[in-house]
Amino acid sequence: MVELSFASEVEFPRERFDAQAPKWMENVANLEVPAIKYEQGRARHYTEYCSGTLLKNAKTSQPRFVISAWHCVEHYQDLSRDLTVYFPHAQSHHKVYTARLVDSGGSISSDWALLKLSDAPSSEQLAGLALMTTDKNQPATAAGFALALENGRQRLSFDDSCEANGENEWILCTTSKGASGGPIVQIHQSVAGIVGVISQGDSQAFTISFPSARLPQRWRGAFGAHLL
C-alpha cells in the first residue's frame, strides 16, 4: 500500500470493531504472508501483513476462498512456507488456516489475489460475502487490520464514510498499511457485498481499490451476487 503519511492512533479517524459492529465484519481476515525480497544480491526474509475477506460461494454453503490484494503476495516465493489466515472476530471460531495462492491480477494495476483455505469453515461459523458492483450514490465501508493502531493486527478497524470518486477511488475514506487486501463494502437491499479490494491509501482520507466488477468473469460468476 502506498503510504504518504502514517497517522498516530490519536489522529487516525477510524472506528474499531466492537459488539455493535456489523456482523459481516466477522468475515474479514488477517493474513500473514512469508515473503522474500532480493536487495543487492541478498535475500531478505520478512512477513507481509495484510487483510482479506472470505467469499460467499454461489454454488456451495461452505466458503473456502479469500480475496486479497496482489501486492500482498507479490514476494511470496517460498512455497514450502504456508500463508496463514485467521478471522479474529468470528464468534467461537479462532482457528488458524493455511492457504495457497490460486490466482491473481499480477500487477499493481490489477491488484487482486485469490487464496484457497486448507479447509472450509462451516456456514454457521462464517458465511462469506458476495462480490457486488459499486453504487456510486451510496456510502461504503473500508475495513482492515491497520498496523497504525494499537493492537491493530487483532482488532479490526473501519471507516464507514467512504464516498465513490470514480471507478476505483474513494474520498473521506481512511486506510493504511495492513488494511491492504481488505474489503470496500456496500449494502444492497440489506445485503453486504464487496465492491472493491483495498489497494492504496494515504492514511488520511483517500483510498484506491480494485473494483470487484473488473475481476475475471470466472471468479465473478463463482462469487458474484446478482448485481454483478
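Starting from the amide H of Ala130, placed 1.01 Å from N in the peptide plane, find each other amide H under 5 Å away whose residue is 5 or more places distant or on another chain.
Lys56, Ile194
Which lysines have a Cα less than 22 Å from the Cα of Lys56, not counting those fewer than 8 places away in the same chain?
Lys23, Lys95, Lys116
What is the spread of the Cα atoms of the stretch 25-117 along each of their three principal axes, largest first, in whole Å?
47, 27, 22
Helix-only estimate, please: 222 nm mean residue ellipticity of the chain, summing -39500 (n - 2.57) across DSSP H runs of length 4 or more and dividing by its residues, to the nearest 500.
So the helix-based figure for the chain works out to -1000 deg cm²/dmol.
Run the numbers on the chain and let me know its relative contact order in percent, using alpha-carbon pairs under 8 Å that are six or more apart.
Relative contact order comes out at 24 percent.
With equal scatterers on the alpha carbons only and no solvent term, can you work out the Debye log10 of I(q)/I(0) for the stretch 122-228 at 0.14, 0.19, 0.21, 0.25 1/Å?
The computed values of log10 I(q)/I(0) come out as -0.52, -0.92, -1.09, -1.35.
Which of Gln186, Gln20, Gln62 moves the most in a Gaussian network model of the chain with Cα springs under 10 Å?
Answer for the Gaussian network model of the chain: Gln20.
Among His75, His89, His45, which one shows the highest mean-square fluctuation when the chain is modelled as a Gaussian network with alpha-carbon springs under 10 Å?
The residue with the greatest mean-square fluctuation here is His45.
Got the relative contact order for the stretch 107-203 handy, in percent, Cα pairs under 8 Å and 6 or more residues apart?
29 percent
What residues have an amide H closer than 5 Å to that of Glu48, excluding those fewer than 5 places away on the same chain, when H is modeled at 1.01 Å from N in the peptide plane?
Val33, Ala35
Using only alpha carbon positions, build the gyration tensor of the chain, then give the equivalent ellipsoid semi-axes as the square roots of 5 times its eigenvalues, largest first, whole angstrom.
Sorted largest first and rounded, they come to 23, 21, 18 Å.
Relative contact order of the stretch 41-170, please, whole-number percent, based on alpha carbon pairs below 8 angstrom and at least 6 residues apart.
Reported as a whole number, the value is 24 percent.
Readers should treat all values here as calculations from the given coordinates under stated rules, not as data from a laboratory. Note that this is a predicted model, so its numbers are computed, not measured.
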